[in-house]
1. Going through segment 324-339 one residue at a time, which ones are surrounded by 13 or more Cβ atoms within 10 Å (Cβ to Cβ) and over 24 Å from H183 (Cβ atoms)?
2. Please state which of the following conditions A316 fails to meet, knowing it meets all the rest: (1) under 20 Å from V137 (Cβ atoms); (2) over 21 Å from the mean Cα position of the chain (by Cα); (3) assigned to a helix (DSSP H, G or I).
3. Assigned by TED's automatic domain parsing to the domain that holds D329 and over 21 Å from G17 (Cβ atoms): does that describe K140?
4. With (1) aliphatic (A, V, I, L, M); (2) within 24 Å of I319 (Cβ to Cβ); (3) surrounded by fewer than 22 Cβ atoms within 10 Å (Cβ to Cβ) as the list, and A196 as the residue in question, which single condition is left unmet?
5. Residue by residue through segment 162-184, note down the ones that are of a type in the set (G, A, S) and either in a helix (DSSP H, G or I) or touching a Lys or Arg at 6+ places or on another chain (Cβ under 8 Å) (or both).
6. Restricted to segment 282-302, and to residues that are of a type in the set (K, R) and part of a helix (DSSP H, G or I), which residue is nearest to C268 (Cα to Cα)?
7. When only residues in segment 90-139 that are in contact with an Asp or Glu (Cβ under 6 Å, 6 or more places away or on another chain) and part of a strand (DSSP E or B) count, which is surrounded by the fewest Cβ atoms within 10 Å (Cβ to Cβ)?
8. Considering only segment 241-253, I want to know if a residue exists there that is farther than 16 Å from L327 by Cα, in the same structural domain as A194 (by TED's automatic domain parsing) and touching a Pro at 6+ places or on another chain (Cβ under 8 Å).
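The values are calculated or read from the model by the stated rules, or taken from the named source; none is laboratory data. From a predicted model like this one, the values you see are computed outputs, not experimental measurements. No Cβ is skipped: glycine too gets one built from the backbone with ideal geometry, and neighbour counts run over all protein chains shown.
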Amino acid sequence: MDVRKIQLPREIHTGAGVIEETGTICKNLRLEGRVLVVTGPNTLKIAGEAVIDSLECEGYDVHNITIDSPSKESVLEVQNKIDGCSLVLGVGGGKVIDVAKLASTRSANNFISVPTAASHDGIASPRASIKNEGGTVSLKAEPPIGVIADTKIISKAPFRLLAAGCGDIVSNYTAILDWKLAHRLLNEDYSDSAAALSMMTAKMTIKSADAIKEGLTESAGLVVKALISSGIAISIANTSRPASGSEHKFSHALDIVAPKPALHGEQCGVGTIMMMYLHGGDWKFIRDTLKLIKAPTTAREMGIEPEYIIEALRIAHTIRKERYTILGDRGLTEEAAESLAEKTGVI
């Protein structure tokens with residue numbers, strides 16, 4: 001008998017000022033006992049203190065830890081601090097949320113995601129991006145039991161982060177094309193419902209591109225809801241395929257070769273332009289949408305030298321070799337990589 005389990009967040013709370021309700025939300029979820037709040041150096045003041053105050057007002061015994069990087073060492077630090085806690089809240093950007101998510105999964109604890117920026121779809125997904133000696137790896141984790149996304153706080157984050165989140169959503173276009181390709185060529189499992197949700201999310205974001213402006217809570221709400229939806233598509237598929245394909249391979253390769261990589265979503269957006277070209281799709285439409293959102297579309301705008309773009313394209317097929325994409329098993333030659341980046345205006 002084919003039995004599948006799909007884990008999704010039980011509750012999602014979005015809106016301006018919703019962070020003040022954190023304690024009440026946790027009570028309504030019937031979560032009790034000691035609580036660990038994980039933050040970053042900046043996000044402790046931005047949102048962490050408000051979360052702690054709200055929890056303490058509801059009688060929770062609150063402890064907190066601040067982490068500096070999304071490393072395996074940080075995951076271990078949080079795991080060591082979890083002992084005796086029944087709930088973990090990750091309050092911060094993608095790095096904080098991914099570390100808290102993985103640590104709570106490994107410690108069999110409930111986890112609530114409290115994003116302070118909408119920069120990538122890790123907000124609600126069952127994946128965590130963690131750095132190790134070889135670069136960044138995407139690891140399986142349990143999705144949060146709840147999401148508390150305060151759009152007032154998210155709208156005050158640097159607009160570059162919101163634009164990067166849009167880049168991560170737009171990359172669903174080529175991720176789905178790669179997934180379909182692997183399904184046709186290798187008979188890889190494919191979920192129509194997960195793919196449809198992922199594509200709907202990307203199309204709705206692009207349709208609303210001209211409404212995504214700096215400092216607006218409505219814009220923050222649009223993007224954060226799309227990122228949550230993208231994360232749910234990953235949970236439904238039980239694989240990151242709905243939101244991660246050749247463009248993500250390019251981004252992870254760039255993390256390895258570039259001395260100073262750009263934001264994950266920025267790199268995925270630029271990768272989507274080039275991978276859409278390889279698929280024979282409307283890459284100019286992707287490029288123009290990213291420009292409208294004020295996301296980077298060139299190596300220069302990302303602050304990355306052309307040589308690293310070419311090298312990342314050349315080795316991208318070696319990232320997660322088991323995941324077949326338009327890059328194939330042999331990847332691009334240096335000449336083909338340079339031609340691709342030039343034809344799409346990336347370099």
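1. Residues satisfying the conditions are A336, A337, E338, S339.
2. (2)
3. Working: assigned by TED's automatic domain parsing to the domain that holds D329: no; over 21 Å from G17 (Cβ atoms): yes.
It is false that K140 is assigned by TED's automatic domain parsing to the domain that holds D329 and over 21 Å from G17 (Cβ atoms).
4. A196 satisfies every listed condition except (2).
5. Matches in segment 162-184: A163, A164, G165, G167, A175, A182.
6. The qualifying residue nearest to C268 (Cα to Cα) is R287.
7. G135
8. No, segment 241-253 contains no residue that is farther than 16 Å from L327 by Cα, in the same structural domain as A194 (by TED's automatic domain parsing) and touching a Pro at 6+ places or on another chain (Cβ under 8 Å).
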